[in-house]
1. Quick one: which of Lys91, Lys176, Lys122 is of a type outside the set (A, V, I, L, M), over 21 Å from Thr338 (Cα atoms) and not in a helix (DSSP H, G or I)?
2. When you scan region 211-227, do you find a residue that is in a strand (DSSP E or B) and closer than 30 Å to Cys386 by Cβ, even just one?
3. How about region 52-73: which of its residues are in contact with a Ser or Thr (Cβ under 6 Å, 6 or more places away or on another chain), modelled with pLDDT under 95 and not aliphatic (A, V, I, L, M)?
4. What's the total number of residues in region 121-140 that are buried (at least 16 other Cβ atoms within 10 Å of the Cβ) and in contact with a Leu (Cβ under 8 Å, 6 or more places away or on another chain)?
5. Residues in region 309-319: is at least one open to solvent by 40 Å² or more (accessible area, probe 1.4 Å), among the basic types (Lys, Arg), assigned to a helix (DSSP H, G or I) and modelled with pLDDT of 85 or more?
6. Quick check: anything in region 378-386 part of a strand (DSSP E or B) and open to solvent by 50 Å² or more (accessible area, probe 1.4 Å)?
7. So Gly278 passes all but one of these: (1) open to solvent by less than 30 Å² (accessible area, probe 1.4 Å); (2) within 20 Å of Leu321 (Cβ to Cβ). Which condition number does it fail?
8. Go through region 95-106 and count every residue that is surrounded by 14 or more Cβ atoms within 10 Å (Cβ to Cβ) and modelled with pLDDT under 90.
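The values are calculated or read from the model by the stated rules, or taken from the named source; none is laboratory data. Everything numeric here is computed off the predicted structure, so don't read it as measured data. Note that each Cβ is placed from the backbone with ideal geometry, even for glycine, and that neighbours are counted across all protein chains shown. Areas reflect the complete protein model, heavy atoms only, side chains present, ligands, DNA and RNA absent. Shrake-Rupley method; radii C 1.70, N 1.55, O 1.52, S 1.80 Å.
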Amino acid sequence: FFCHANPFSGYIAHISSRPDPRPPLRVFSKDFPMIFFLGLLSIAQTEAGTCPGSKSWIHAKCSMTVTFPSAACKDVAAEMLARIHGENGWKDPHHQGTYTLTNGATTDSSVIESQRLTGDKKYTDKLKFTLKASGSGCELTACSESQVMSVIDYSTNYCNLHDLYCGSQDGCPIAKMDLKYSEKLNSCKQHDKSKCIATSLVDDKKCKTVTTAQNFDLDQYIQSRWYIQQQMEVSYLPKSQNQCVSAKYKKQKPTLFGYTIDVLNLAYESDKSTKHQGNLCASQDGSDDPAKLEVAPCFLPKFASGPYWVLAFDKTEGYALVSGGQPTIATENGLCKTGSGVNGAGLWVFTRQQARNQTLVNKVRGIALDKGFDLSVLNDVDQTGCPAPPSGEASAEL
């Protein structure tokens with residue numbers, strides 16, 4: 001299983017190919033020409049003067065109009081500037097990104113421009129806000145644009161804007177003033193508010209930095225099918241698909257985007273006949289650690305892939321522990337877990353044998369606990385009475 005922010009992480013390979021696990025991705029892979037056209041159309045529709053622009057011809061963006069019925073524009077500007085500058089201890093709730101003001105330094109400014117560096121320090125988006133009085137309140141035209149080739153942004157551009165003014169009505173942290181507002185989306189295909197309040201950076205005081213498998217040998221790891229005995233529920237892999245889950249990897253020639261591993265994930269509904277299949281691509285992540293991989297749908301470039309870390313692997317005993325990267329969310333019992341979205345999410349217990357060996361499962365769970373994972377996120381996978389493996393592949397049900 002690969003996770004993306006999934007087990008080749010950002011898209012946990014182990015993922016099942018459920019019907020529309022990630023609808024935008026599936027539609028894109030099926031109807032690439034249409035989505036490509038829509039991407040160009042979205043760019044062509046950029047509102048003149050209200051968006052910051054992008055150096056990439058094809059890119060994700062979000063533009064919307066926000067109405068503040070009872071706040072003057074100078075008050076809206078004051079709150080936004082306070083957040084950009086991190087006043088009163090304000091921190092970006094969306095994975096602790098970093099905002100930088102580029103234009104509009106006073107509360108009287110009618111235009112405020114900024115940029116935001118993502119929490120992982122990989123990408124910088126540009127933002128532009130235009131304020132004008134509207135009755136006793138203020139109308140804000142807001143736009144955020146990615147600066148690299150992208151179509152899917154998992155609501156990042158929306159959150160770039162939303163988090164600079166949202167208040168208690170959406171559970172957002174406040175710097176000075178709790179604003180009331182309503183949003184009207186103009187061109188913003190992905191706008192999930194739940195994504196805007198998340199902490200993904202490691203707090204060393206709370207989450208233990210995990211280590212990966214020592215002396216990791218990729219060829220040995222991918223030589224045969226893995227069966228998932230326990231897994232964490234994530235957005236694209238519900239517990240309803242915790243039947244007969246498996247993952248098969250094999251090397252391939254580098255793809256257009258440089259992926260070198262073909263991923264096949266299988267999962268079933270409770271009837272054990274309704275199959276969900278996920279075909280993904282993976283590669284080692286370019287770091288010095290061979291046990292750190294990245295996974296994504298094959299049509300996406302690597303910058304959109306998610307972490308898939310092999311934390312433990314024993315060829316002789318036939319087990320592996322896989323996570324969607326570093327756990328970053330502290331739980332009540334002093335342990336930590338990953339997120340539960342698409343990238344940077346998931347935890348899996350793999351065995352080579354399909355038949356459950358509880359002693360071995362408990363051993364792998366113990367390894368996860370030692371690494372600081374909260375085991376309460378793990379759910380059992382039923383590996384009994386499963387359909388035969390694909391033709392030409394021997395069954396591991398021994």
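1. After ruling out the rest, the residue left standing is Lys176.
2. Yes: region 211-227 contains one or more residues that are in a strand (DSSP E or B) and closer than 30 Å to Cys386 by Cβ.
3. His59
4. 8
5. Scanning region 309-319, I find no residue that is open to solvent by 40 Å² or more (accessible area, probe 1.4 Å), among the basic types (Lys, Arg), assigned to a helix (DSSP H, G or I) and modelled with pLDDT of 85 or more, so the answer is no.
6. Yes - at least one qualifying residue is present in region 378-386.
7. Condition (2) is where Gly278 drops out.
8. Going through region 95-106 one residue at a time, the tally reaches 2.
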